[in-house]
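Engineer: Below is one structure. I have some questions about it.
The values are calculated or read from the model by the stated rules, or taken from the named source; none is laboratory data. On a predicted model such as this, the values are computed, not experimentally measured, just so you know. Cβ sites come from the backbone with ideal geometry, for glycine too, and all protein chains shown count toward neighbours. The accessibility values were calculated without ligands, DNA or RNA, using every heavy atom of the protein model including side chains. Shrake-Rupley method; radii C 1.70, N 1.55, O 1.52, S 1.80 Å.
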Amino acid sequence: MLKPHVTVACVVQAENKFLVVEEKVRGKATWNQPAGHLEARETLVEAAERELYEETGIIAKPQHFLQLHQWIAPDNTAFLRFLFTIDLPQICPTEPHDSDIDRCLWVDEQTLLQATNLRSPLVAESLHCYRKGERYPLALLGAFNWPFTKSA
């Protein structure tokens, strides 16, 4: 039975720079968008906001849903990755709270797309999706958390 990992990620942009987090995977420094796993009793949007804060120290809400990627990693692990956008008015300082994150960097599109240390092909693909300009309302995800539903 297939049990994919459900993850969230945010393409964070400010002043034509994109935020990446750097972490070591099998001893190698890799870049990724702020991302992580969905946890119990949280919506996808809440997970994206939480992961952004944990990995970068930035408090911001996703503005749009961008894309759902289904990906099978080389080790045959299945992922469903929900991708969001966050456009900030200016580059802001970062302070990772997750011990797995070594540092955060603001890089331009070319630097990101030419990097050879991307954690997965989804990092570059996410930037391509962002550049297409298509955006979807967060309501498209329609969280229904009964009996945990938060009042509006």
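Engineer: Of everything in the stretch 132-152 that's of a type in the set (Lys, Arg) and open to solvent by 80 Å² or more (accessible area, probe 1.4 Å), which residue is modelled with the highest pLDDT?
Structural biologist: Only one residue tops the list, namely 132.
Engineer: So how many residues does the stretch 33-63 have that are without any contact (Cβ under 8 Å) to a residue 24 or more places away in the chain and within 13 Å of the chain's Cα centre (by Cα)?
Structural biologist: 3
Engineer: Also, I was wondering about something else. Do the conditions hold for residue 80, that is, is it among the hydrophobic types (A, V, I, L, M, F, W, C), in contact with a Leu (Cβ under 7 Å, 6 or more places away or on another chain), surrounded by fewer than 16 Cβ atoms within 10 Å (Cβ to Cβ) and modelled with pLDDT of 95 or more?
Structural biologist: When the stated conditions are applied, residue 80 passes them.
Engineer: Filter the stretch 52-67 down to the residues that are open to solvent by 40 Å² or more (accessible area, probe 1.4 Å) and not acidic (Asp, Glu), then identify the one that is farthest from residue 97 (Cα to Cα).
Structural biologist: 67
Engineer: Let me ask another. Give me a count of the residues in the stretch 93-114 that are part of a loop (DSSP other than H, G, I, E, B) and surrounded by 15 or more Cβ atoms within 10 Å (Cβ to Cβ).
Structural biologist: Within the stretch 93-114, residues that are part of a loop (DSSP other than H, G, I, E, B) and surrounded by 15 or more Cβ atoms within 10 Å (Cβ to Cβ) number 3.
Engineer: Next up: Which pairs turn up if I take residues in the stretch 1-22 that are touching a residue at least 12 places away in the same chain (Cβ under 8 Å) and of a type outside the set (D, E, K, R) and look for partners that are open to solvent by 70 Å² or more (accessible area, probe 1.4 Å) and part of a loop (DSSP other than H, G, I, E, B) with beta carbon separation below 8 Å, at least 6 apart in sequence or on another chain?
Structural biologist: That search, which allows pairs on different chains as well, returns 14/89; 14/90.
Engineer: Here's something else I'd like to know. Hey, among the residues in the stretch 1-51 that are more than 22 Å from residue 136 (Cα to Cα), in contact with a Leu (Cβ under 7 Å, 6 or more places away or on another chain) and among the hydrophobic types (A, V, I, L, M, F, W, C), which one's surrounded by the most Cβ atoms within 10 Å (Cβ to Cβ)?
Structural biologist: In this case the residue turns out to be 20.
Engineer: Okay, next question. Looking at the stretch 115-127, which of the residues that are among the hydroxyl-bearing types (Ser, Thr, Tyr) and within 19 Å of residue 8 (Cα to Cα) is surrounded by the most Cβ atoms within 10 Å (Cβ to Cβ)?
Structural biologist: 126
Engineer: Next up: Going by the structure shown, is residue 90 outside any helix (DSSP H, G or I) and within 23 Å of residue 4 (Cα to Cα)?
Structural biologist: It is false that residue 90 is outside any helix (DSSP H, G or I) and within 23 Å of residue 4 (Cα to Cα).
Engineer: Using the structure shown, decide if residue 66 is under 14 Å from the mean Cα position of the chain (by Cα) and part of a helix (DSSP H, G or I).
Structural biologist: Spelling it out, it is not the case that residue 66 is under 14 Å from the mean Cα position of the chain (by Cα) and part of a helix (DSSP H, G or I).
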